[in-house]
Each structure stands twice: as C-alpha cells, then as structure tokens.
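Working notes, beginning with the structure itself.
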Amino acid sequence: MELRCTSCGKLVEAEKYWIRLKCPACTDQEIIRCEKCRRLSVQYKCAKCGFEGP
Ligand SMILES: [Zn+2]
Ligand SMILES: [Zn+2]
C-alpha cells in the first residue's frame, strides 16, 4: 500500500515528518499529512465522509 498525503497526494514513505491520524468526524478513515501540508495547514478532505479540516 502506498502512503500518500491526503492533501497533496505526495508519497510520504521516504519522508521523516508526516503524521497519520483518524478523521475526527467519522474516526474511521485515515488521514495522512506530509510535513509541508502540516506546516502550511493545507486543508484535507476525508475520502469517506467528506469532512474537511486543517
Ligand atoms: Zn502534503
Ligand atoms: Zn471522515
């Protein structure tokens, strides 16, 4: 399985600083954020419930 940033689609496997979290709305879908998107607070969208958040 490829680990890609939910916001920008970049592969994060080779990177050090990225986080994996559960969608705060449905607590089911995993959200992956690369360092850049975290730093810039880029919006993400849950693929399951459509929740959008920073
Ligand atoms: Zn990203
Ligand atoms: Zn969700």
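The values are calculated or read from the model by the stated rules, or taken from the named source; none is laboratory data. Since this is a predicted model, take the numbers as computed values, not measurements. Here the Cβ positions follow ideal geometry from the backbone for every residue, glycine too, while neighbour counts run over all protein chains shown. Just so you know, the surface numbers come from the protein's heavy atoms only, side chains and all, with ligands and any DNA or RNA stripped out. Shrake-Rupley method; radii C 1.70, N 1.55, O 1.52, S 1.80 Å.
Going through the chain, which chymotrypsin sites (Phe, Trp or Tyr not before Pro) have at most 11 other Cβ atoms within 10 Å and a DSSP loop state?
Tyr17
Can you pull the accessible area of Lys36 for me, 1.4 Å probe, Å² to the nearest 10?
That residue has around 110 Å² of solvent-accessible surface.
Among the GluC sites (Glu not before Pro) in the chain, which ones are in a DSSP loop with at most 15 other Cβ atoms within 10 Å of the Cβ? Mind listing them?
Glu2, Glu13, Glu15
Taking a quarter of the surface of the convex hull around the Cα atoms of the chain, what do you get in nm²?
Orientation-averaged projected area of the Cα hull: 3.4 nm².
Can you put Ser7, Ser41 in order of accessible area, largest first, using a 1.4 Å probe?
From most exposed to least exposed: Ser41, Ser7.
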